[in-house]
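Presented below is the structure to which this report refers.
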Amino acid sequence: MAKHRRFSDKPKDDSPQNDEKIELQEQQIPSEKTPFDIKSILLSGTKYAYIIGAVALLSGIFTPLTIGAEIEAVIVGMLSIFLGLVGGIIIFLGIKTQRYTTIMVCGGLAMMIGSLILIYQSTNRPLIN
């Protein structure tokens, strides 16, 4: 019967030269570019379509039909929630990609803050006077 070695049984090699080699290898790896084929575009599009549909339903698209609210107030509310959704998607994409991470995260946060301000404006309790 063969004796198997555990991970903790292996000797540790923490030399600084190996760390430098690993860092150089990580820097030299080019970013992988995904091809834009029809299947990947459709899968990505349907994913975002489901998210947009769910947000539209949750934001009260049927409110004017049920309680007789003004359609303009519902549209402003939906647009402000969509602005926050787009901000969240941009933050997710900014974290996922390696280029323009800081700009995309800051832009997404700005969109979410703008959405919050619009929501408070529509409830007649403004954050900014």
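Counting only residues that are without any contact (Cβ under 8 Å) to a residue 12 or more places away in the chain and not in a helix (DSSP H, G or I), which one in segment 50-79 is farthest from GLY114 (Cα to Cα)?
In this case the residue turns out to be GLY68.
Suppose we keep only residues that are aliphatic (A, V, I, L, M) and part of a helix (DSSP H, G or I) within segment 110-129. Which one would you say is surrounded by the fewest Cβ atoms within 10 Å (Cβ to Cβ)? I'd like the intermediate steps shown before the answer.
Initial filter on segment 110-129 (aliphatic (A, V, I, L, M)): 110-113, 116-119, 127-128.
Checking the rest, the ones that are also part of a helix (DSSP H, G or I) come to 110-113, 116-119.
Details: ALA110: 12, MET111: 20, MET112: 18, ILE113: 14, LEU116: 15, ILE117: 15, LEU118: 18, ILE119: 17.
Per the stated criteria, the residue is ALA110.
A quick yes/no check of all residues on (1) within 30 Å of SER122 (Cα to Cα); (2) at pLDDT below 80:
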residue: HIS4; (1), (2): no, yes
residue: LYS12; (1), (2): no, yes
residue: GLN17; (1), (2): no, yes
residue: ILE52; (1), (2): yes, no
residue: LEU65; (1), (2): yes, yes
residue: ILE71; (1), (2): yes, no
residue: ILE75; (1), (2): yes, no
residue: THR101; (1), (2): no, no
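Would it be correct to say that PHE82 is in a helix (DSSP H, G or I), closer than 18 Å to ILE52 by Cα and under 13 Å from the mean Cα position of the chain (by Cα)?
Working: in a helix (DSSP H, G or I): yes; closer than 18 Å to ILE52 by Cα: yes; under 13 Å from the mean Cα position of the chain (by Cα): no.
No, not satisfied.
The values are calculated or read from the model by the stated rules, or taken from the named source; none is laboratory data. Every value quoted in this text rests on a predicted model; they were computed, and no experiment measured them. Neighbour counts are summed over all protein chains in view; Cβ atoms, including those assigned to glycine, are modelled from backbone coordinates with ideal geometry.
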